[in-house]
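Structure first, commentary second.
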Amino acid sequence: MDEIVRQAMAKWPNVPHCFGWLRLDARGGWRMRDERAQHLDLPGERIAHPALLAFIERNYASDETGRWYFQNGPQRVYVDLELMPYIVRTQPGTDGSTELVLHTGQRMEKIDAAWLDGQGRLYLSDGKKTGALDDRDMSHMLSALKVEGSADEDALLRWMEGNDTGTVLRLEHAGRAVTVQRLDQNGLARHFGFVATPCQE
């Protein structure tokens, strides 16, 4: 958290929190939602200003109840989550490998857990943070998904459809292999312990 934010919190400790105005979309885009967007349940206008994006991402955190927020000076701006608190993207590593980076710019360390839902969305955890892979990056990770040691797309589809319950699916990345678990996309908030749409208590 920025030092200027800490100072503002100490100076004005009782500023009311803000709800409904900021959303993180399923591709890691920050969206500002004015009253019209909130009323019509629109995604809102995508924030593109680099300095503002960096400020939001440096001061992004969660409270003890699993509500995520951006600490804007003394005020908490709670975030509506379209999918997950973190979105994972791929980028080429210096050695030609595929690196995994959160939408906040932090690099994911060694993956220690992975899940795949029925829609083919991949979720990854490095023990510290868990996020959903940006759907545009799934093609870069397909070869890392191995059914019985082979990158077989037909076998992967059978696994996703639940027609091959005795088969083990593994994710191989950065020299490690983890067993991929099935996940119900409708139960993400409960499974990972976050609040998708924070509201005032």
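One line per residue, one yes/no per condition, for (1) acidic (Asp, Glu); (2) under 18 Å from Gln181 (Cβ atoms):
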{"residue": "Phe70", "(1), (2)": "no, no"}
{"residue": "Gly73", "(1), (2)": "no, no"}
{"residue": "Pro92", "(1), (2)": "no, no"}
{"residue": "Asp117", "(1), (2)": "yes, yes"}
{"residue": "Gly120", "(1), (2)": "no, yes"}
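Checked against the criterion of being farther than 30 Å from Arg76 by Cβ, open to solvent by 70 Å² or more (accessible area, probe 1.4 Å) and among the β-branched types (Val, Ile, Thr), the candidates Thr94, Thr90, Thr179 yield just one match: Thr94. Evaluate the range 157-164: report whether one residue or more is hydrophobic (A, V, I, L, M, F, W, C), over 30 Å from Phe70 (Cβ atoms) and part of a loop (DSSP other than H, G, I, E, B). There is no residue in the range 157-164 that is hydrophobic (A, V, I, L, M, F, W, C), over 30 Å from Phe70 (Cβ atoms) and part of a loop (DSSP other than H, G, I, E, B). Annotation: Tyr123 fulfils all but one of (1) open to solvent by 40 Å² or more (accessible area, probe 1.4 Å); (2) outside any helix (DSSP H, G or I); the unmet one is (1). Considered as a group, the residues in the range 90-120 that are assigned to a strand (DSSP E or B) and free of Cβ contacts under 8 Å to residues at least 24 places away in the same chain include one that is farthest from the chain's Cα centre (by Cα), and that residue is Pro92.
Taking the conditions (1) buried (at least 16 other Cβ atoms within 10 Å of the Cβ); (2) at pLDDT below 95; (3) outside any strand (DSSP E or B) in turn, Arg27 satisfies each one other than (2). Filtered by the rule that a residue be open to solvent by 10 Å² or more (accessible area, probe 1.4 Å), out of contact with any Cys (no Cβ under 9 Å at 6 or more places or on another chain) and in a strand (DSSP E or B), the range 71-85 gives Asp80, Leu81.
Within the range 30-70, being surrounded by 13 or more Cβ atoms within 10 Å (Cβ to Cβ), of a type in the set (Lys, Arg) and in a helix (DSSP H, G or I) holds for one residue alone: Arg58.
A count restricted to the range 54-71 and to residues that are free of Cβ contacts under 8 Å to residues at least 24 places away in the same chain and under 18 Å from Gly20 (Cα atoms) stands at 1. For Ala189, the conditions (1) under 21 Å from Val88 (Cβ atoms); (2) of a type outside the set (Val, Ile, Thr); (3) crowded, with 17+ Cβ neighbours inside 10 Å are fulfilled apart from (3).
The values are calculated or read from the model by the stated rules, or taken from the named source; none is laboratory data. On a predicted model such as this, the values are computed, not experimentally measured, just so you know. Note that each Cβ is placed from the backbone with ideal geometry, even for glycine, and that neighbours are counted across all protein chains shown. SASA here: full protein model, heavy atoms, side chains in, ligands and nucleic acids out. Shrake-Rupley method; radii C 1.70, N 1.55, O 1.52, S 1.80 Å.
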